[in-house]
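Scroll down for the structure; my scribbles are underneath it.
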Amino acid sequence: MTIHRQSHTAVDLLALDHVALALSDPEAMARYLCEHVGMQEQRREDDGAIVVGAAGPRGTVLKLLQADGPRDPGPLGRLVLRVCDLRSAVAALPAGTEVDDDDPEVVRFTGPEGLRLDFTWMIAGIIDYDLDDVVLKVGDSEDVRVALAEVGCVPRGDALHISDKGITLEEEPRPTERPLLHHIAVRVNSVEAVEMQARARGVEVHSDSGDGCFSIVLPGPERLRFDFVE
């Protein structure tokens with residue numbers, strides 16, 4: 001689907017910083033990702049969040065937050081992780097894991113709490129198990145695509161891009177009051193510049209904006225939240 005109007009932005013999106021998940025058992029998710037999905041625990045934050053990610057300083061991390069009970073995958077379609085050896089990556093999964101490997105370059109499976117994950121094969125030189133793409137299920141992909149373009153995401157093919165990472169939108173509404181996806185955070189040169197542009201373009205501002213972070217809400221019943229940090 002194409003964007004019907006071009007957005008000329010003055011903001012510089014540096015990287016997809018993190019994806020935050022709200023979980024009933026963050027500790028169990030951290031163990032699963034570190035023992036079976038090639039990630040490493042990087043730190044624990046003052047609010048109790050467990051931060052895990054691929055080895056190396058340049059990757060996108062996952063923030064695992066404590067939720068008050070079970071969550072629904074809802075609009076989080078799946079997280080796609082880069083690997084250079086699909087066979088080894090699949091062999092590290094827990095025994096009995098059901099995988100969809102019909103595509104020779106992609107393997108799909110489901111982790112704890114309904115978290116859908118893909119391994120996608122990429123040539124050597126990548127950071128193994130780094131995030132490649134976030135697939136979001138939304139009711140109106142065009143409205144969401146335009147809103148993300150307004151704050152600096154680059155439309156390219158069927159996805160929007162933040163540096164070398166993708167945000168893919170699939171038109172399949174899955175709103176829920178208890179989403180697994182808490183927010184997606186983007187690192188920028190200037191939070192102030194993003195805020196000025198978003199407000200000028202009429203993008204909805206999230207109530208949690210402040211303290212060095214600016215947050216928006218994407219259009220649609222999913223109420224997806226994007227944070228911008230320096």
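Filtering region 102-123 to residues that are under 15 Å from ARG87 (Cβ atoms), out of contact with any Lys or Arg (no Cβ under 8 Å at 6 or more places or on another chain) and not in a strand (DSSP E or B) leaves ASP103, PRO104, GLU105.
Condition check ((1) surrounded by 14 or more Cβ atoms within 10 Å (Cβ to Cβ); (2) of a type in the set (A, V, I, L, M); (3) within 18 Å of the chain's Cα centre (by Cα)) across all residues:
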| residue | (1), (2), (3) |
| --- | --- |
| LEU181 | yes, yes, yes |
| ARG187 | yes, no, yes |
| ALA198 | yes, yes, no |
| GLY202 | no, no, no |
| PHE214 | yes, no, yes |
| ARG223 | yes, no, yes |
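Say we look at region 147-179 and pick out the residues that are crowded, with 20+ Cβ neighbours inside 10 Å and among the β-branched types (Val, Ile, Thr); which of these is modelled with the lowest pLDDT? Of everything passing the filter in region 147-179, VAL151 is modelled with the lowest pLDDT.
Screening ASP140, ASP128 for residues that are more than 25 Å from PRO179 (Cα to Cα) and surrounded by 15 or more Cβ atoms within 10 Å (Cβ to Cβ) leaves exactly one candidate, ASP128. Scanning region 50-83 for residues that are of a type in the set (A, V, I, L, M, F, W, C) and buried (at least 20 other Cβ atoms within 10 Å of the Cβ) turns up ILE50, VAL52, ALA54, VAL61, LEU62, LEU64, LEU76, LEU79, VAL80, LEU81, VAL83.
I'm trying to understand the selection: among the residues of region 100-120, which are at pLDDT 95 or above, surrounded by 14 or more Cβ atoms within 10 Å (Cβ to Cβ) and more than 19 Å from LEU180 (Cβ to Cβ)? Hits for region 100-120 are VAL106, VAL107, PHE119, THR120.
Can LEU76 be described as touching a helix residue (DSSP H, G or I) at 6+ places or on another chain (Cβ under 6 Å), at pLDDT 95 or above and closer than 24 Å to VAL138 by Cβ? The answer is no for LEU76.
The values are calculated or read from the model by the stated rules, or taken from the named source; none is laboratory data. In this text the structure is predicted, and so the values were computed from the model without any measurement. Every residue, glycine as well, gets a Cβ built from its backbone with ideal geometry; the counts of neighbours run over all protein chains shown.
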